[in-house]
Each structure stands twice: as structure tokens, then as C-alpha cells.
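The values are calculated or read from the model by the stated rules, or taken from the named source; none is laboratory data. Quantities reported herein were computed from a predicted structural model and do not represent experimental measurements. Quick reminder, even Gly has a Cβ in these numbers, built from the backbone with ideal geometry, and neighbours come from all protein chains shown.
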Amino acid sequence: MKLSKPQDVLLLGPGPSPVHPRILEAMSQHTLGHLDPDFLSIADQTNTLLRQVFETKNQITFPVSGTGSAGMEAALVNIVEPGDKIVIGINGVFGQRMSDVASRCGAEVVEVNSEWGKPIETEEFEKVMVNHNHVSLIGVVHAETSTGVRQPLEPLVELARKYNALLLVDTVTSLGGLPVSVDDRDLDLVYSGNQKCLGAPPGLAPITFGERAMQKFMNRKTKVQSWYLDLSFLTRYWGQERLYHHTAPINMIYALFEALSIINEEGLSNRFARHDQNSKALIAGLQALGIKTVVAENYRLPSLNAVWIPEGIDDQEVRTRLRQNHMIEIGGGLGPFNGKVWRIGLMGHGSKRENVEKLIKALGEELNTLGHHCSAEEALLESGKIYLD
Ligand SMILES: *Cc1c(COP(=O)(O)O)cnc(C)c1O
């Protein structure tokens with residue numbers, strides 16, 4: 001059998017995002033041993049670069065082997081002990097997943113359920129905190145990929161400090177695309193994933209543990225339920241000791257190293273500005289096509305744009321046509337948004353003007369074919385105005 005060469009599909013969905021050719025090339029280099037001094041030096045440099053994108057001095061910062069969900073699991077399994085009371089904010093699929101993982105760790109989970117497409121109000125969390133003693137952790141999704149909502153973090157940090165709880169933040173769709181600022185915001189425990197705004201292929205989940213989170217970990221009375229994700233083993237490999245635990249995914253780490261180097265060369269603030277501008281240009285264009293956004297302007301993610309599918313237009317039909325006729329992938333809606341919402345990702349290397357324009361043109365064309373009349377030329381003009389500022 002021979003691998004049929006994958007086509008060059010433009011990935012404008014909820015992830016994975018387009019991978020820079022430099023990263024693919026880095027991945028195809030010779031596989032070294034996981035204790036080889038040259039590899040260990042790459043591993044150390046990767047962690048240094050990771051601290052730069054997390055904007056943290058946290059010693060315990062490294063990539064977990066596995067996708068973003070492994071980062072979520074690694075955070076919870078190490079910090080939560082059976083019987084711990086924890087509060088999870090849910091306004092989409094990933095908050096729900098966090099709650100599921102936490103309950104599997106034996107936590108008593110108190111859910112703060114809130115409307116999809118909106119951030120969760122701080123008062124909703126506060127109500128729960130007032131009514132429950134000894135909450136050890138508040139968990140929240142910074143960038144809810146299922147809805148395109150950005151959750152403001154500052155008020156939750158304040159709340160966590162007030163009630164002496166840790167704040168756990170999922171930054172899978174924000175790290176590398178919008179500010180996460182772990183140390184400035186005083187976030188305790190943060191994880192992400194390779195394949196969204198960091199722009200590498202799926203396979204690693206960067207994570208960082210702050211001092212308070214490490215205290216909670218060291219004070220555990222019970223064994224971590226997961227052997228694979230037990231932080232005490234992982235830090236012995238990633239730290240000075242270099243003790244074998246599981247084989248590091250060598251070539252994936254080359255990929256992450258390269259992705260982080262690209263981010264370092266661009267600079268975080270340039271990168272955030274680029275994500276912001278392209279998202280605004282996309283939204284301006286889509287609005288000119290008669291498409292409405294799901295999220296209010298102040299809470300929109302630059303990395304993931306959720307829009308309502310126009311009346312009378314079939315979700316699957318459009319996405320199939322985009323893939324077949326234009327080689328573009330966009331995402332459909334999940335849960336209550338299924339069939340109602342498109343999710344358009346502009347993440348990492350994928351966030352660029354050329355891609356914004358390709359999508360506006362292709363979508364305009366297909367919508368007209370299907371009876372939703374609109375002008376792609378006009379939409380391109382509206383979108384172009386954003387780049388003049
Ligand atoms: C994609 C995503 C995850 C899960 O990552 P996987 O790589 O699919 O395991 C978790 N949280 C958020 C917010 C995500 O967007």
C-alpha cells in the first residue's frame with residue numbers, strides 16, 4: 001500500500017489549522033533517542049520558547065504527549081483528588097468536557113451552566129462560590145471553540161483569590177492567537193494544544209503549573225489516578241534528572257520547537273494584531289454577504305469566528321461544495337448549534353488576508369448558486385477596508 005498524497009486543503013475550521021512548511025520540514029528530520037544530548041537540548045529550548053508564549057516564569061512548563069484533551073486531563077488528574085469540590089464554567093462543548101474529566105477524577109463538580117454564544121457572567125460563579133465551602137479549583141475555557149466566545153479572565157482570577165481557589169484555564173484556541181499572559185494575570189494552571197493558534201500538527205499539549213498549583217499537587221494524599229500523566233514522573237524526565245518514563249514523541253517536539261520559533265520571530269504582539277485584523281476583515285466581508293455573527297463584538301474570538309447559517313441554506317451542502325470546488329474546510333456547529341452555525345477558524349499560519357479573501361469569494365459564489373443572493377465583490381471591498389486602518 002502507498003499513502004495517497006493528502007490534498008492541500010485550506011484548513012479554516014476549528015482546528016487543525018494550516019501547518020507552515022518549515023514545521024513539516026522540521027518534523028521530517030532524523031529521529032533522535034529521547035535521552036540523546038542533542039534531543040535534550042532541543043527539548044530544553046522548546047520549554048524556554050513555551051514559557052515565552054505562555055508569558056510565564058513557571059519552572060513546570062512542558063508539552064504533554066497527546067492532543068489538547070490530554071492537557072486537560074493532565075491538569076485535572078494531577079490537581080484534583082477524590083472528594084475535592086471544584087467549580088466548572090460551561091457555555092460550550094469544552095467546558096462540558098472539563099466537567100466530565102473532573103468527575104472521572106472523583107471530584108465533586110459544581111457546574112455553572114450558561115448560555116452558548118455568551119461569556120459566563122462573574123456573578124454566576126460568585127453565586128456558586130458563596131453557596132459552597134472549600135472549593136479548591138475554578139475551571140474555565142478562555143476560548144470556547146464550539147461557540148467563538150472569549151471568556152474574560154481577570155474577574156475570575158479575583159474571585160479565585162478571594163475564595164482561595166486555583167484557577168484552571170483552557171487556552172487551546174487562544175495560546176498564540178490572543179493574549180494569555182499567565183504571569184500578568186496570575187493564572188494557576190494553563191494548558192493548550194498544538195494544532196490551533198500555535199500552528200503545529202496535532203499531537204502535543206503544552207501545559208504550565210504555577211506555584212499554587214504545585215503546592216496543591218505536592219500536598220496530595222492520594223496517588224494520581226493516571227500513570228501516564230502523573231506529574232511526578234513527567235517532571236523527572238523534563239527536569240534535570242532525565243529519568244525515562246515514556247518515550248518522548250521526538251518528531252512532534254521538533255514540530256512544536258519550529259512552531260514556537262516562528263512565533264518568536266514574529267513577536268507575540270504582532271501575532272495578536274494579525275489575528276485580530278484578519279478576523280475583523282472576515283467578519284466585515286461575511287456581514288456584507290448577509291451573514292450574522294453569533295457572538296457580540298466585545299467577546300468575539302479572533303481565532304474562531306462563529307456565524308449563523310443564512311435562512312434556507314443547507315449546512316452540509318455548503319461545506320461539501322467548499323471542500324469539493326474550492327478545497328476549503330470550515331467547521332459546522334456542535335450540540336445546539338448543529339446545522340445552525342458555521343465555525344470559521346483563522347488560526348496561526350492560517351490567519352492571513354489571502355485566506356480571508358479566498359473564503360469570502362468561495363462562500364459568496366456557493367451561496368448565490370444555492371439561492372442566497374449576495375455580492376462577493378462588494379463583500380471583498382468591505383473586508384478590504386479593515387486593512388486600510
Ligand atoms: C480543540 C480543543 C480541545 C481539545 O483538543 P484536542 O486536540 O481535540 O484533544 C480542548 N479545548 C478547546 C477549547 C479546544 O478548542
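Here's a check for you: in the stretch 62-77, which residue that is hydrophobic (A, V, I, L, M, F, W, C) and within 21 Å of GLN45 (Cα to Cα) is nearest to the ligand (Cβ to nearest atom)?
VAL64
Scan the stretch 173-206 residue by residue and report those that are at positive phi and within 10 Å of the ligand (Cβ to nearest atom).
Within the stretch 173-206, just GLY203 meets the criteria.
Restricted to the stretch 137-172, and to residues that are among the acidic types (Asp, Glu) and surrounded by fewer than 24 Cβ atoms within 10 Å (Cβ to Cβ), which residue is nearest to the ligand (Cβ to nearest atom)?
First, pick out the residues of the stretch 137-172 that are among the acidic types (Asp, Glu): 144, 154, 158, 170.
Of the ones still in play, those that are also surrounded by fewer than 24 Cβ atoms within 10 Å (Cβ to Cβ) are 154, 158.
On the way: GLU154: 19, GLU158: 23 Å.
Per the stated criteria, the residue is GLU154.
I'd like to know if the stretch 119-133 contains one or more residues that are modelled with pLDDT of 95 or more, assigned to a strand (DSSP E or B) and away from the ligand (no atom under 14 Å from the Cβ).
no
Looking at the stretch 317-348, which of its residues are surrounded by 19 or more Cβ atoms within 10 Å (Cβ to Cβ) and not in a helix (DSSP H, G or I)?
Result: ILE328, ILE330, GLY331, GLY333, VAL341, TRP342, ARG343, ILE344, GLY345, LEU346, MET347.
Could you pull out the residue among THR56, THR31 that is of a type in the set (S, T, N, Q), over 30 Å from GLU115 (Cβ atoms), in contact with a helix residue (DSSP H, G or I) (Cβ under 7 Å, 6 or more places away or on another chain) and surrounded by 21 or more Cβ atoms within 10 Å (Cβ to Cβ)? Break it down stepwise before answering.
Numbers: THR31 fails: surrounded by 21 or more Cβ atoms within 10 Å (Cβ to Cβ).
Exactly one residue qualifies, and that residue is THR56.
Can you find a residue that is surrounded by 24 or more Cβ atoms within 10 Å (Cβ to Cβ), at pLDDT 95 or above and under 16 Å from the mean Cα position of the chain (by Cα) anywhere in the stretch 100-118?
No, every residue in the stretch 100-118 fails to be surrounded by 24 or more Cβ atoms within 10 Å (Cβ to Cβ), at pLDDT 95 or above and under 16 Å from the mean Cα position of the chain (by Cα).
How many residues are aliphatic (A, V, I, L, M) and either farther than 20 Å from GLU382 by Cβ or touching a strand residue (DSSP E or B) at 6+ places or on another chain (Cβ under 7 Å) (or both) if we restrict to the stretch 284-301?
The total comes to 5.
Within the stretch 353-388, can you find the residues that are of a type in the set (Gly, Ala, Ser) and out of contact with any Ser or Thr (no Cβ under 8 Å at 6 or more places or on another chain)?
Selection gives ALA362, GLY371, SER375, ALA376, ALA379, SER383, GLY384.
Filter the stretch 277-310 for residues that are part of a helix (DSSP H, G or I) and within 15 Å of GLN151 (Cβ to Cβ) and give the result.
ASN298, TYR299
So if I check each of LEU256, LEU304, which one is more than 17 Å from ILE344 (Cβ to Cβ), within 16 Å of the ligand (Cβ to nearest atom) and touching a strand residue (DSSP E or B) at 6+ places or on another chain (Cβ under 7 Å)?
Checking each option against the conditions leaves just LEU256.
Taking the stated definitions as given, is LEU40 within 16 Å of the ligand (Cβ to nearest atom) and either in a loop (DSSP other than H, G, I, E, B) or closer than 17 Å to THR235 by Cα (or both)? Explain how you work it out, then say what you get.
On the way: within 16 Å of the ligand (Cβ to nearest atom): no; either in a loop (DSSP other than H, G, I, E, B) or closer than 17 Å to THR235 by Cα (or both): yes.
The answer is no for LEU40.
What is the residue count in the stretch 78-95 for residues that are more than 10 Å from PHE217 (Cα to Cα), more than 16 Å from the ligand (Cβ to nearest atom) and part of a loop (DSSP other than H, G, I, E, B)?
The number of residues fulfilling the criteria is 3.
Just one of the numbered conditions (1) of a type outside the set (D, E, K, R); (2) within 26 Å of VAL294 (Cα to Cα); (3) out of contact with any Lys or Arg (no Cβ under 9 Å at 6 or more places or on another chain) is not true of ALA102; which one?
(2)
Can we say PRO249 is within 25 Å of GLY203 (Cβ to Cβ), touching an Asp or Glu at 6+ places or on another chain (Cβ under 8 Å) and at pLDDT 95 or above?
Answer is no for this residue.
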